[in-house]
Amino acid sequence: MGEENKRFSPFVAGANICSHCGEALEYVELSAPNLGVMQFPKPCKCAGADSEAQEARRSVLLSESDRTLKDIERLMDYGPQGRFKARTFSSFKTEDGWQTKFLETVKDYADNFETKLKSMRGLLILGSVGAGKTHLSAAVANQLRAKNIPVVFGTLGYLFERLQNTYDYRPVGERVAHESDIMRLYATVPLLIIDDLGKEPFKTDQAWPWGKAKLYEIVNRRYENGLPMIVTSNITDIEVLNARTDPGIVSRILEMSDVIIVEGTNYRLKLFETHNKLRIQAG
């Protein structure tokens, strides 16, 4: 066999078989100096191989997020602020049955977050003022952060303020976080909690096109990366929430989330397969 036709595979025996489905792998050939033509197997397209590849990508993203958060937290705190730092599940008052069910559902999410993370499921919590949405979402953040799981928590106004602060002048040599650092953090942190969506103070002014574009980028990147969010809102009508934010943003949040609706003394849990297909309704 001529040198120009030599074939070389750097893989061990059995590497040409998918470990998930057992099918033979296709190869791509690359020429290399002094080695002739090298053969490398293409990734299998089966569900098992795809899931393994997605999990590997997510692990890289989460590792990057952890490094980014540790670096940025030297400059500012991205967890619950003020009195919300003390919010816990045990301090949530449950005078009625719906409050107990509400508490149990959200606490189950926090207790089983690793599973929720792998299944790419978040929560969209809709309900009137005073229902306990912020309390319980802050409790999730505090519990996970106590386990050293990075969480970013805040209203959209608070999260955007951190972005806008990067535009301010700083003396030469002063170490600051850049907008790209914070956007990467929002897109890759294991859990992002956005409190009170739809109540942004700049919704009707000239800043909203900027805010909507940033929010879409954050939500879309998390959607593509398979990373969950908890989003709360006082708006219980999805069409109204669409009008107050953006249908493209809301549809992605819905597709990624189990939806909890708290209306007065009523509690409903809706699990959506997509933004318009109801799977389970209880309550």
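Just so it is clear, none of the values below were taken in a lab; they were calculated from the coordinates. Keep in mind the model is a prediction, meaning the values are calculated, not measured. As a convention, Cβ positions derive from the backbone with ideal geometry for all residues, glycine included, and neighbour counts pool all protein chains shown.
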Problem - Per-peptide average of other Cβ atoms within 10 Å, ordering 19-26, 228-235, 158-165 highest first - result: 228-235, 158-165, 19-26
Exercise for the section: Report the FRET efficiency, 1/(1 + (r/R0)^6), for LYS199 and SER51, where r is their Cβ-Cβ distance and R0 is 41 Å, rounded to 0.05. Expected result: 0.65
Problem - Label-point gap, in nm, between LYS93 and GLU26 - each point 7 angstrom along Cα→Cβ - result: 6.4 nm
Handout entry: Point-to-point label distance, TRP210-ASN112, nm (Cα→Cβ direction, 7 Å offset)
Key = 4.2 nm
Exercise for the section: Kindly flag which residue pairs out of LYS85/LYS116; LYS93/LYS118; LYS101/LYS199; LYS42/LYS212; LYS85/LYS118 have an alpha-carbon separation exceeding 29 Å in this structure. Expected result: LYS93/LYS118; LYS42/LYS212
